[in-house]
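Only the coordinates and a few stated rules stand behind these numbers; no lab work does. Not measured: the values here are computed from a predicted model. Using ideal geometry, Cβ is built from the backbone for each residue, glycine included, and neighbour counts are taken over all protein chains shown.
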Amino acid sequence: MSHKRIPKRKAAIAVGGAVALGAAVILLPHANASQDGASSDAATAPKTLKATDASDLASQLAGLLGDAFAGSYYDGDKQQLVVNVVPGDNNNVIVQAKKAGATVREVDNSMTELAEGKRTLKTEATIPGTSWAVDPRTNKILVTADSTVTGEKWDRLESTVRGLGSGMATIKKSEGTFRTFASGGDAIFSGGARCSLGFNVTADDGAPAFLTAGHCAVAADEWSDAQNGQPIATVDQAVFPGEGDFALVRYDDPATEAPSDVDVGGQTVQITEAAEATVGQEVFRMGSTTGLADGQVLGLDATVNYPEGTVTGLIQTDVCAEPGDSGGS
């Protein structure tokens with residue numbers, strides 16, 4: 001059996017940030033342990049954290065604070081985790097969050113109330129060209145409508161948002177149009193279609209494979225690494241629309257050597273870990289059309305209503321993309 005290395009078949013990472021395609025187990029610093037002789041103020045001062053550590057601390061505090069937890073985000077300038085709490089009559093939750101090393105902010109809307117607002121939007125305003133996600137920095141649901149949402153559709157969306165009550169959601173218009181492309185790596189081709197490879201993975205049976213966008217894989221079954229080239233991989237599973245937009249594509253040759261790195265233009269970067277994304281953290285994406293670009297995570301568990309259907313469980317960022325970037329890192 002021959003072993004061949006497929007050139008320019010790169011994996012996905014977030015350079016300087018983290019990808020949200022799996023949760024890494026990362027040990028956090030002992031945020032609630034004070035040094036001998038340290039003052040109580042110093043012991044409860046917000047900790048300086050990397051974005052990956054902030055993500056894990058946020059997950060721990062979500063379980064610790066229970067119903068009082070109302071979301072969190074990463075303040076990149078200060079390198080601190082900001083945690084929203086709805087304290088109610090229990091002031092101890094604030095003490096607990098501060099001891100863990102977070103900056104604590106009291107807010108009005110609980111996660112339960114925000115989730116109920118999203119359910120109302122799903123029931124009453126699932127309109128192609130709309131999206132929504134919780135913005136922990138404002139403690140509101142951010143609703144966005146693209147340029148196709150006009151007339152009666154805009155009135156319906158605006159009325160639904162207004163019906164959620166004061167202080168629950170905000171609405172804004174986007175000049176562009178929601179289309180099914182988002183991220184990027186090296187180009188992959190199928191017929192007249194071009195997308196981007198996300199990153200190489202190992203399937204559950206040990207076979208080499210890669211991840212890309214689901215909306216690419218539902219449109220074509222076989223993919224090549226060169227335009228008009230011979231197919232080198234076949235779609236195994238694809239989700240779009242639905243709970244995500246992703247696909248697993250298996251290499252046809254089981255001897256393919258699929259590197260665990262990302263081509264960021266002129267150099268490759270090794271993948272070292274994966275972790276949950278955090279609102280406010282810096283992320284980079286590599287697309288076969290537009291190359292390397294950076295931005296911030298704006299929201300988690302976002303919903304987007306495309307003409308093809310609704311996709312949930314997405315990460316919202318302000319990093320732009322163009323057709324052909326779909327599916328990449």
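Taking the number of other C-beta atoms within 10 Å as the exposure measure, put W154, W223 in order starting with the fewest. Kindly include the intermediate steps, with their values, before the conclusion.
Numbers: W154 17, W223 27.
Lowest count first: W154, W223.
Under 5 Å between amide H atoms, partner at least 5 residues away or on a different chain: which partners does D236 have, H built in plane at 1.01 Å?
Close amide H contacts, sequence-distant or interchain: L248, V249, R250.
Give the long-range amide H neighbours of T317: residues separated by 5 or more places, or on another chain, with amide H under 5 Å away, using H modelled in the peptide plane at 1.01 Å from N.
L298
If you average the sequence gap of Cα pairs under 8 Å that are 6 or more apart and divide by the length of the stretch 40-106, what percent do you get for the contact order?
Numbers: 103 pairs, mean separation 24.4, N = 67.
Computed over the stretch 40-106, the figure is 36 percent.
Taking the Cβ of Q316 as the center, what net charge do the other residues with Cβ under 12 Å away carry, scoring Lys and Arg +1 and Asp and Glu -1?
Details: positive: none; negative: D135, D301, D318.
Here the count lands on -3.
From Cα pairs below 8 angstrom and at least 6 apart in sequence, can you work out the relative contact order of the stretch 133-261, rounded to a whole percent? Walk me through the numbers before you get to the answer.
On the way: 226 pairs, mean separation 23.4, N = 129.
Result for the stretch 133-261 is 18 percent.
Using Cα pairs closer than 8 Å and at least 6 residues apart in sequence, work out the relative contact order for the stretch 205-283, in percent.
It comes to 28 percent, rounded to a whole number.
What whole number of Å gives the distance from the Cα centroid of the stretch 206-221 to the Cα centroid of the stretch 94-162?
Cα centroid of the stretch 94-162 versus Cα centroid of the stretch 206-221: 31 Å apart.
Any chance you could run the full-extension gain for T177 through T234? It's 0.36 nm times the residue separation minus the Cα-Cα distance, nm to one decimal. Could the numbers behind the result be given before it?
Values: separation 57, 0.36 × 57 = 20.52 nm, distance 3.02 nm.
Once the chain is fully extended between T177 and T234, it gains 17.5 nm.
Rank these for me by crowding, E282, E124, E152, going from fewest to most other beta carbons within 10 Å. Don't jump to the answer; show the numbers that get you there.
Working: E282 18, E124 15, E152 9.
Exposure proxy ranking, most exposed first: E152, E124, E282.
For A247, what is the net charge nearby, where nearby means another residue's Cβ is under 14 Å from its Cβ and Lys, Arg count +1, Asp, Glu -1?
Local net charge: -4.
Given a Förster radius of 25 Å and the C-beta distance between A193 and T148 as r, what FRET efficiency does 1/(1 + (r/R0)^6) yield to the nearest 0.05?
On the way: r = 23 Å, r/R0 = 0.91.
Rounded to the nearest 0.05, the efficiency is 0.65.
At q = 0.26 Å⁻¹, work out log10 I(q)/I(0) for the stretch 40-106 with the Debye formula, treating every Cα as an identical point scatterer and leaving solvent out; two decimals please.
Those come out to -1.14, one per q.
I need the phi-derived Karplus couplings for the stretch 52-60: 6.51 cos²θ - 1.76 cosθ + 1.60, θ = phi - 60°, integer Hz, Gly and Pro marked x.
5, 5, 5, 4, 5, 5, 4, 5, 5
For the cross-link pairs K99/K140; K98/K118; K118/K173; K153/K173; K50/K122, which exceed 23 Å when the distance is taken from alpha carbon to alpha carbon? The partial results should precede the final answer.
Working: K99/K140 26 Å; K98/K118 29 Å; K118/K173 18 Å; K153/K173 13 Å; K50/K122 35 Å.
With Cα atoms farther than 23 Å apart: K99/K140; K98/K118; K50/K122.
Where does each of K173, K140 land when they are ranked from fewest to most other beta-carbon atoms within 10 angstrom?
Numbers: K173 11, K140 19.
Fewest to most other Cβ atoms nearby, the residues stand as K173, K140.
For D204 and D301 in the same chain, what is the full-extension length gain: residue separation times 0.36 nm, less their Cα-Cα distance, in nm? It would help to have the intermediate numbers written out before the result.
Values: separation 97, 0.36 × 97 = 34.92 nm, distance 2.58 nm.
The D204-D301 span can extend by a further 32.3 nm.
What FRET efficiency, computed as 1/(1 + (r/R0)^6) with R0 = 25 Å and r the Cβ-Cβ distance, is obtained for E158 and K50, rounded to the nearest 0.05? Intermediate values should be presented prior to the final figure.
Details: r = 40 Å, r/R0 = 1.61.
In this case the efficiency is close to 0.05.
In sequence order, what are the phi-derived ³J(HN,Hα) couplings for the stretch 136-142 according to the Karplus relation 6.51 cos²θ - 1.76 cosθ + 1.60 with θ = phi - 60°, rounded to whole Hz, with x for glycine and proline?
Coupling constants for the stretch 136-142: x, 6, 10, 6, 9, 8, 8 Hz.
For A102, enumerate residues with amide H under 5 Å from its amide H, sequence gap 5+ or separate chain, H modeled in the peptide plane.
Close amide H contacts, sequence-distant or interchain: K47.
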